[in-house]
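Here's the structure, in structure tokens; my notes come after.
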Amino acid sequence: MARAAAEADFKIDPDDAATLKQRWSTLKDDIWIKSAKALLTPTAS
């Protein structure tokens, strides 16, 4: 039963190296975009 639960968790949310690398790349890009938008957005004075 425990093995089946672990396999189901992995299929839903895999944690292999390729998946983690893809998630990191996405997060890194999102952070960069957010920082750029913050710099380009005029502040209310």
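The values are calculated or read from the model by the stated rules, or taken from the named source; none is laboratory data. Every value quoted in this text rests on a predicted model; they were computed, and no experiment measured them. So basically every Cβ, Gly included, is an ideal-geometry build from the backbone, and we count neighbours across all protein chains shown. When the accessible area is computed, the model is the full protein with side chains, heavy atoms only, and any ligands, DNA or RNA have been set aside. Shrake-Rupley method; radii C 1.70, N 1.55, O 1.52, S 1.80 Å.
Numbers for the structure displayed
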quantity	calculated
Modelled FRET efficiency - R0 25 Å, Asp13 with Leu39, Cβ distances, 0.05 increments	0.15
The chain, helix-only ellipticity at 222 nm - DSSP H runs n ≥ 4, -39,500 (n - 2.57), divided by all residues, nearest 500	-26000 deg cm²/dmol
Residue-by-residue Karplus 3J(HN,Hα) for segment 20-30, coefficients 6.51, -1.76, 1.60, Hz, glycine and proline x	5, 5, 5, 4, 5, 4, 5, 4, 4, 5, 4
Accessible surface, the chain, averaged per residue in Å² (probe 1.4 Å)	99
Solvent accessible area, Å² - Thr41, 1.4 Å probe, full protein context	80
Summed residue charge, Cβ within 14 Å of Phe10's Cβ, Lys/Arg positive, Asp/Glu negative	-3
The chain, accessible surface, carbon-and-sulfur percent (1.4 angstrom probe)	65
